[in-house]
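> Please read through the structure below; I'll follow up with questions.
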Amino acid sequence: MKLRNPAALALLLLSAATPAAALELHPERSSPYDLAVTGRLAGVPDGGTAYVRWPDLRALPSARLTVDGEFMMGPQVLTVVSLSDLWTALPTGPGTDSILATCADGYASVYTLAFIADYRPFIVLEINGKGPRDWPPAGVTFNPGPYAILVSADFEPRVASYPNVQHKKPWGVTTLEVASYADRFRGFYSGKWSSLSQAAAAGREAWVNTCASCHAGPPGAFGGTKAGRPFPVIAAYAGYDRAFFMKYVRDPKSLVPCAKMEPHPRYTDGELSGLIEFITEGQQ
Ligand code: HEC
């Protein structure tokens, strides 16, 4: 993604200075382009869902960015709202520090406030001036709607050194949960998981920021439902045959030609050992 227009940056700085308006939460869905919000939000009962309307999101402080090759070949102009401005506009409850995004196909992405501050993810409201009602935009072969979230190295240079970028760019996002990280991942920090070696703790970080996009953990550990494989099955693979597990994570199709899981070739042996140590530790 390329920031072609230096004015865009100035606009962003300007928008950061403007206080965000409070978003209105509606109890009923009004259109397929509403964004569902759930979790710990003032005025939303436990386990309940409220809806934010696209025009209200569009009225938040926004920026226009010219990017290259993100949704389609060549340049495209995105109208975006930063997750940090979105956070400010939501009636977040006490103790909350994370946004958990989920997609229509069960894919999920985790954004802690620390991640949001460091890498400045944003939600895409328009592509070339058109909102989700008119998506897929011309030249795009998939429908990224109703919402897509992106991070970009050209928008925030630190993104260039962030290893799990693909997992922070979900599209087809339908729901944002406002959550406490400690609460939604408590399963990974209690019992056998309460004291981990440094390598295994790094494995836990890797799991939360990559595997959890598609695999849910045991109860008390949030994750996507796209993979449809219970955590004990993953742990059985990790504990039973390390070589198979490592090869599968790096390149599933090399072992199972019809595998749908995406390859994760970047992991070193050391990182995969930490991941295995973390996954199997909780089962002992
Ligand atoms: C984009 C979604 C996605 C991500 C991300 C993902 N997986 Fe998977 N995974 C799947 C799906 C789907 C399957 C079911 C088999 C298949 O189609 O590949 C699967 C299967 C597996 C299996 C084999 C279990 C079986 O029953 O076949 C293992 C082991 C595994 N995943 C581990 C991991 C680990 C570890 C990570 C993180 C590094 C990870 N996966 C990330 C989607 C994903």
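Derivation of every value follows stated rules applied to the coordinates shown; laboratory data play no part. Values in this document were obtained by computation on a predicted structure and should not be read as measured data. Here the Cβ positions follow ideal geometry from the backbone for every residue, glycine too, while neighbour counts run over all protein chains shown.
> Name the long-range amide H neighbours of Ala221: under 5 Å, sequence gap of 5 or more, or other chain; modelled H, no Pro or chain starts.
Close amide H contacts, sequence-distant or interchain: Gly187.
> If you average the sequence gap of Cα pairs under 8 Å that are 6 or more apart and divide by the length of the chain, what percent do you get for the contact order?
Once normalised by length, the contact order is 16 percent.
> Then there is this: Which whole DSSP H helices in the chain pass both tests: a Cα extent of 15 Å or more along the axis and a mean Kyte-Doolittle value no lower than -1.0?
What comes out of the filter, once short or polar helices are dropped, is 6-17, 198-209, 269-281.
> Please arrange Lys130, Lys260, Lys169 by how many other C-beta atoms lie within 10 Å of their C-beta, fewest to most.
In increasing order of surrounding Cβ atoms, one gets Lys260, Lys130, Lys169.
> If you look for lysine pairs in the chain that are eight or more places apart or on different chains, how many of them have Cα atoms under 22 Å apart?
The result is 12.
> Using only the alpha carbon atoms of segment 81-133, find the Kirkwood hydrodynamic radius as the inverse mean reciprocal pair distance, in angstroms to one decimal.
Roughly 12.5 Å, rounded to one decimal.
> Another one. Using the scaling law 2.2 N^0.38 Å as the reference, what is the normalised Cα Rg of the chain?
1.03
> May I pose another question? Over segment 165-284, what is the relative contact order in whole percent, taking alpha-carbon pairs under 8 Å and six or more residues apart?
Result for segment 165-284 is 30 percent.
> Now for a different question. Once the convex hull of the C-alpha atoms of segment 28-161 is built, how many Å³ does it hold per residue, rounded to a whole number?
In segment 28-161, the Cα convex hull volume per residue is 118 Å³.
> So, one more: Select from Asp34, Asp118, Asp46 the residue whose mean-square fluctuation is largest in a Gaussian network model of the chain (Cα-Cα springs shorter than 10 Å).
Asp46
> Another question, then. Of Gln166, Gln198, Gln76, which has the largest mean-square fluctuation in a 10 Å C-alpha GNM of the chain?
Looking only at Gln166, Gln198, Gln76, the largest GNM fluctuation is found for Gln198.
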